[in-house]
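Have a look at the structure below before the remarks.
The values are calculated or read from the model by the stated rules, or taken from the named source; none is laboratory data. Quantities reported herein were computed from a predicted structural model and do not represent experimental measurements. When we count neighbours, we look across all protein chains shown, and the Cβ atoms used for this are built from the backbone with ideal geometry, even at glycine. Ligands, DNA and RNA are stripped out before the accessible areas are found, and what is left, the full protein with its side chains, is counted by its heavy atoms. Shrake-Rupley method; radii C 1.70, N 1.55, O 1.52, S 1.80 Å.
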Amino acid sequence: GAMRSRAEVDATLQTAKLNPAELLPAVHCLSFGPQAGTGDCCLLQLEPGLCAELEAGRSLVIRGEKDEQAVLCSKDKTYDMKIADTSNMLLFIPGCKTPEELNGDQASCDIIHSQIAGFSNNYWELRRCRPKLKKLRKLLMEDPYEGPDSRKDQTSTFSKYTTEDLLSLIQASEEEILHQLQIIDACKIEGYWRILEFDYEMKLLNHVTQLIDSESWSLSKVPLRTCLEELGSLEPREMIEHILLSYGRKYTDDAGEVYFEMHEDKICRAIAQMLLQNAVKFNLSEFQEVWQQSVPEGMTARLDQLKGLALVDKTSRPETIFLLKVEDLPEDNQERFNSLFSIREKWTEVDITPYIQDLCAEKQTVGALLTKYARSSTQNGVKVYNSRRPIS
């Protein structure tokens, strides 16, 4: 429309019963620019940390396939994106001056004509969330690696995944994905990330533990070089090294020799899994006996090594133990609790903790999760938790 004059502005102020003396002398007269109605602007609200990322020239990425809720990732964090509606329309005005800027600029002319380039009734709000990593294991488990002699590997029709592939498929930041690959003991074979098939992994572990036994090495000082020399004829050297990395901590002594300190708990846990996966339920005391006989000389098998892997049923007579792996449970909080309560109606906090620990957001406690998704009662003096809703 036509440009407003000062007289028109003053008349409008008078109609609105506003005293010009209380306002800054500068007046913005707004008009819609030719492009303003196209609505191709999106607003994203950033916390200072993310702002700094962009200002430093790093990029933020939106990840998710068509059927997934979008997340935004920085180099090392993941955020849920939610649309927040506003009751006031938000106007985009290029080169707009704030009252502070105008106040400092005494020479500013008192009528400023500005064009609105766009507007919006909502903006994207980011909330830090847990990276959605369940899918990572699922993709890699489609085609686990069975070793160099496996015929299946030469004829496999499954997709194999590079780091780039995983970045485009998994809703998590690069650092979170790489960290998770380490946690699930994935290894890179010919440029693709693979998970070892469990029996093959146990075969490799067995080679190593038998060698340790026959050489009478200390479990805290297993020499890499000798392992490779002795076992290299049985399996590829990189697989021997991978199994040592998966089940031990690598270090170098003063002479530059590379050694591994074996993780007792992890080795005992893997052997328990091997024993448990052959049966639906095991008599607990029989299992403990067989398990202790199966672990390497000098190691002690303890039930607390099985958190998130197996569950003891103290109510059955005799007591039993069965495989229940946390990684097989749903990633969504409510679904996770539904599935746990369908396995067992009432849980103690000690029993349920390993199965919900990974759901805790930053600074959230297991107690807070239980308060939200379960109700507590006391049974024979012990606090137990059951579902807040009927389980179908």
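Here is a check on your reading of the model: is Met239 outside the structural domain of Glu146 (by the TED database), open to solvent by 60 Å² or more (accessible area, probe 1.4 Å), aliphatic (A, V, I, L, M) and within 33 Å of the chain's Cα centre (by Cα)? Judged against the criteria, Met239 is not a match.
Of the residues contained in segment 135-149, none is found to be more than 19 Å from Tyr192 (Cα to Cα) and without any contact (Cβ under 8 Å) to a residue 60 or more places away in the chain.
Apart from one condition, Ser220 fits all of (1) surrounded by fewer than 12 Cβ atoms within 10 Å (Cβ to Cβ); (2) touching a residue at least 12 places away in the same chain (Cβ under 8 Å); (3) polar (S, T, N, Q); the exception is (1). Applying the selection to segment 254-298, what residues are touching a Ser or Thr at 6+ places or on another chain (Cβ under 9 Å), closer than 30 Å to Arg317 by Cβ and not in a helix (DSSP H, G or I)? Hits for segment 254-298 are Lys281, Phe282, Asn283, Val295.
Taking the listed residues Gln14, Gln69, the one that is open to solvent by 70 Å² or more (accessible area, probe 1.4 Å) and assigned to a loop (DSSP other than H, G, I, E, B) is Gln69, with no other qualifying. All conditions in (1) in contact with a Phe, Trp or Tyr (Cβ under 6 Å, 6 or more places away or on another chain); (2) open to solvent by 20 Å² or more (accessible area, probe 1.4 Å); (3) in contact (Cβ under 8 Å) with a residue 24 or more places away in the chain hold for Phe119, with the sole exception of (1). Report whether or not Asp213 is more than 25 Å from Leu72 (Cα to Cα), outside the structural domain of Leu245 (by the TED database) and charged (D, E, K, R). Against the criterion (more than 25 Å from Leu72 (Cα to Cα), outside the structural domain of Leu245 (by the TED database) and charged (D, E, K, R)), Asp213 does not qualify. Tell me yes or no: at least one residue of segment 7-18 is farther than 28 Å from Ala117 by Cβ and of a type in the set (Lys, Arg). Looking for residues that are farther than 28 Å from Ala117 by Cβ and of a type in the set (Lys, Arg), one finds at least one in segment 7-18, hence yes. Out of curiosity, is Lys383 open to solvent by 50 Å² or more (accessible area, probe 1.4 Å), more than 20 Å from the chain's Cα centre (by Cα) and either at positive phi or not hydroxyl-bearing (Ser, Thr, Tyr) (or both)? Yes, satisfied.
Which of the residues that make up segment 301-334 are open to solvent by less than 70 Å² (accessible area, probe 1.4 Å) and either of a type in the set (Val, Ile, Thr) or in a helix (DSSP H, G or I) (or both)? Matches in segment 301-334: Leu303, Gln305, Leu306, Val312, Thr320, Ile321, Val326, Glu327, Asn333, Gln334.
Glu142 meets all of the listed conditions (1) open to solvent by less than 60 Å² (accessible area, probe 1.4 Å); (2) acidic (Asp, Glu); (3) touching a Phe, Trp or Tyr at 6+ places or on another chain (Cβ under 8 Å) but one, namely (1). Residue count for segment 176-224 under the criterion of being touching a strand residue (DSSP E or B) at 6+ places or on another chain (Cβ under 6 Å) and among the basic types (Lys, Arg): the result is 2.
I'm trying to understand the selection: among the residues of segment 25-65, which are at pLDDT 80 or above and under 17 Å from Asn122 (Cβ atoms)? If the condition is that a residue be at pLDDT 80 or above and under 17 Å from Asn122 (Cβ atoms), then Cys42, Leu43, Leu44, Gln45, Leu46, Ile62 are the ones that fit. Among the residues of segment 17-46, those that are in a loop (DSSP other than H, G, I, E, B), within 30 Å of Leu167 (Cβ to Cβ) and open to solvent by 90 Å² or more (accessible area, probe 1.4 Å) comprise Asp40, Cys42.
Scan segment 77-93 and tell me whether some residue there is part of a strand (DSSP E or B), touching a Lys or Arg at 6+ places or on another chain (Cβ under 6 Å), touching a residue at least 12 places away in the same chain (Cβ under 8 Å) and open to solvent by less than 40 Å² (accessible area, probe 1.4 Å). Scanning segment 77-93 turns up at least one residue that is part of a strand (DSSP E or B), touching a Lys or Arg at 6+ places or on another chain (Cβ under 6 Å), touching a residue at least 12 places away in the same chain (Cβ under 8 Å) and open to solvent by less than 40 Å² (accessible area, probe 1.4 Å).
Restricting attention to segment 263-300, which residues are acidic (Asp, Glu) and surrounded by 19 or more Cβ atoms within 10 Å (Cβ to Cβ)? Result: Glu264, single match.
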